[in-house]
Amino acid sequence: MANLFDWDKPLLRITKPVRLIECFSGIGAQAKAFERLGVPFEHWRSYDFDKYAVRSYNAIHGTAFEPADIREVHGADLGITDTDKFEYVLTYSFPCQDLSCAGKMRGMKRGEGTRSGLLWEIERILNECQELPQILLMENVPMVVADANIKDFAEWVAYLERKGYTNSWQILNAKDYGVPQNRERCFMVSFLGEFRYEFPCPIPLPYYLGALLDETVDDKYYIKGEAADKLCSQIVQVERERERVSRTVRMGGRASLDGRHTCDVINVVCNKKTDYKADQGSVHDPCEGLQRVAAEPRKYGGRSFSGVYTKASSDFQRGGLQSLSRSIKADNDAGVAEYGFDITADRGMEKHI
């Protein structure tokens, strides 16, 4: 947040041509914001390692950037020269997966190798710069300033202050700025020098989501034929299973060899005369390098659940894998169900079926 005594600092007025440098650029949403605001600027540099995102960026903005790993970018690569003639704006909305409550929440601590920890690559790059960008823009999930991450965030702000930046940050909600979506994000604006920034005041929401939906939809957006039949049959099957067995699977930090995907297939037998127990070979994980471990019986609602789960060998353990837990609730007296779970690090670790 801005200092209470920043009122004595002048507002920055941009009078020079803007050269935009986007780190973690994705498809260039922040560049698109510049366009929509009518700000004249030059696409100076753009860095993202995802080739598909870069391809989309180029298609949207008419550029010809190549995929780039931020860990291999150096200060000289930014091409910051003639700062007396140009205003360099660097955006660095670093990955949120390890901050978001929908992810593993591994944080952004320096040196721990998390995706959100790529923030500190920006520190390295700025340290390598002969001339610094005059403006820095950051956007991330509100968890970036939550109790679990506030020390790391404060460390980052203190670093920027030592580099000569004045920083202002605030959590804003999209619904307060003309977008019919309840979406909070933390924004920080940093100016090189003694300047202040005033975040815009909320405005009344001019319309609701329904106003944005098309009343008629072109047929090309509907699935047809065999694909439609398959989807319908899958929906019917799922609904039938829901009538028989409902369950919640909570995973306390699953991980995988590639850092992205883990897959469990769980067969569960529910019987009113016996305790819940896993069927033969009940859990299977196709990831290579995993081993089976017996799970201790647990009590749920007066009954016990026994089974096995797959656990990564010590070389591949990450996060809170050992805290794996699952709870199963049966709505029926008897039944058998088989489910496959594709759990990614980018999404919530709780699945409701």
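Any read-out appearing in this document is the output of simple, stated calculations on the displayed coordinates, not a laboratory observation. This structure is a prediction, so every number in the text was calculated from the model and none was measured. A quick note on method: Cβ atoms are made from the backbone with ideal geometry, for glycine too, and the neighbour counts reach across all protein chains shown.
Of the peptides 48-55, 18-25, 59-66, the order by per-residue mean of other Cβ atoms within 10 Å, starting with the highest, comes out as 18-25, 48-55, 59-66. Compute the signed sum of charges (Lys and Arg +1, Asp and Glu -1) over the other residues within less than 13 Å, Cβ to Cβ, of Gly26. Net charge in that neighbourhood comes out at -1. Taking amide hydrogens as placed 1.01 Å from N in the peptide plane, the amide H of Arg196 sits under 5 Å from those of Leu11, Leu12, each at least 5 positions away in sequence or on another chain. Distant-in-sequence amide contacts of Tyr165, defined by a placed amide H-H separation under 5 Å and a gap of 5 or more residues or a different chain, comprise Gly193. Less than 5 angstrom separates the built amide H of Phe24 from those of Tyr47, all sequence-distant by 5 or more or on a different chain. Evaluating 6.51 cos²θ - 1.76 cosθ + 1.60 at θ = phi - 60° for every residue in segment 182-198, the Karplus couplings come out as 7, 9, 8, 8, 9, 10, 10, 10, 10, 10, 7, x, 8, 10, 10, 10, 10 Hz, glycine and proline recorded as x. Charged side chains reduced to their Cβ positions (Lys and Arg at +1, Asp and Glu at -1) give segment 1-151 a dipole of some 340 debye around its Cα centre.
Summarising the overall dimensions of segment 128-228 from its C-alpha atoms, the Rg and Dmax are 20.5, 64 angstrom. The shape of segment 1-106 can be summarised by an equivalent ellipsoid whose semi-axes, obtained from the alpha carbon gyration tensor, come to 25, 21, 14 Å from longest to shortest. Between segment 132-200 and segment 40-72, the C-alpha centres lie 23 angstrom from each other. Projected onto its three principal axes, the C-alpha set of segment 25-83 covers 33, 32, 15 Å, listed from the longest axis down. Distance between the 7 Å Cα→Cβ label points at Lys224 and Asp50: 3.2 nm. With R₀ set to 25 Å, the beta-carbon distance separating Lys16 from Leu212 gives a calculated FRET efficiency near 0.10. Distances longer than 13 Å among the Cα atoms of segment 175-239: what percent of all pairs is that? That tail contains 79 percent of the Cα-Cα pairs. The alpha-carbon positions of segment 57-179 define a convex hull whose volume is 162 Å³ per residue.
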